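The values are calculated or read from the model by the stated rules, or taken from the named source; none is laboratory data. What you are looking at is a predicted structure, and each value in this text was computed from that prediction instead of being measured. Counting neighbours? That spans all protein chains shown, and the Cβs are built from the backbone with ideal geometry, glycine included.
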Amino acid sequence: MTEPIDPELYRSEPVSFVRRGNRLQGRRAKAWERNAEQYVIEPPRKIADTSVAEDFRLDATQTFGREAKLIVEIGSGLGECIANAAKEDPESNYLAVEVYRPGLAQLMLKVEAFELENVRAIQANAPEVLETVLEPASADEIWLFFSDPWHKPRHHKRRLIKESFLDKVARVLKPGGTLRLATDWSNYAEQMREVLEAHPAFENQFPGHQAGLESSLTMVYRQGLENREADPEFLDEQGGWAPRFERRVLTSFEGKALKAGRLIFDLAYTRS
């Protein structure tokens, strides 16, 4: 039987991704055994196994053994994107933030296969990492690709991208640093753009880009994609969508979205 938890200790912010099974088996279990001690950061916990004690601070220079550009990926999934990026950019340090341990174990397999030295991982809830674990103005880039869209309107409050979360991102990003986002759901893309455009700490790197008939949002509405009712008069006059980030490799997740007929929306903002 699970012991009761004080309601005051529940998180006030959405977690970064939906939790799934945490059990490791086969190649993943062996990869974890071989690599976790060196590559996975084990912070003291507050309550749950993804919640970090409030007094824990991450010294990136000490953790990576060097001073270098720091790129943080929120919700690294199976590690496909961050591992390939780290392989192509050995001069930078890469931190994977993920709540799904089998995903981090899969990342460990890639760390071995690519012989990476510039990747570290932490199993933790992203808002806590941004609020207390990382030092202010310590990250050069923060990536957040395909976070849970929480489709039902009554669940939109659970979406990660909102003003309070962006406050935490702004705390960690260096002035001039970049926040990169991507989603395969137009409704979430619109919300991301709306919240970011309204936040004083961020400036769109591609204002007006891919507007009008060049906008994927226009295509979604006019063609009635994603189960929308077709609106042949809709025109996304605002735009502001970023071109596909060249170091965001096509992951298995994104491949499934494209196969299902969904379009991809990229955004890129500078910490002003």
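Which one of these is within 20 Å of Lys174 (Cα to Cα), buried (at least 16 other Cβ atoms within 10 Å of the Cβ) and touching a helix residue (DSSP H, G or I) at 6+ places or on another chain (Cβ under 9 Å): Val111, Val97?
On the way: Val111 fails: within 20 Å of Lys174 (Cα to Cα).
Only one candidate passes the filter, namely Val97.
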Next item on the list: Kindly list the number of the only condition in (1) assigned to a strand (DSSP E or B); (2) over 28 Å from Gly255 (Cβ atoms) that fails for Leu181.
Entry: (2)
Next item on the list: May I ask you to say which residue of Leu166, Leu213 is crowded, with 19+ Cβ neighbours inside 10 Å and at pLDDT 95 or above?
Entry: Leu166
Next item on the list: Please give the number of the condition Lys87 fails out of (1) in a helix (DSSP H, G or I); (2) under 30 Å from Ser186 (Cβ atoms); (3) charged (D, E, K, R); (4) modelled with pLDDT of 95 or more.
Entry: (2)
Notebook entry, point to check: Which residues, taken from segment 244-272, are surrounded by fewer than 19 Cβ atoms within 10 Å (Cβ to Cβ), out of contact with any strand residue (DSSP E or B) (no Cβ under 7 Å at 6 or more places or on another chain) and either polar (S, T, N, Q) or assigned to a loop (DSSP other than H, G, I, E, B) (or both)?
Noted result: Glu246, Arg247, Val249, Leu250, Thr251, Ser252, Ala260, Gly261, Arg262
Next item on the list: Check Glu135, Glu128, Glu141 and return the single one that is assigned to a loop (DSSP other than H, G, I, E, B) and either crowded, with 22+ Cβ neighbours inside 10 Å or in contact (Cβ under 8 Å) with a residue 60 or more places away in the chain (or both).
Entry: Glu135
Next item on the list: Return only the number of the condition from (1) within 21 Å of Asp266 (Cα to Cα); (2) touching a Leu at 6+ places or on another chain (Cβ under 8 Å); (3) of a type outside the set (Ser, Thr, Tyr) that Pro102 does not satisfy.
Entry: (1)
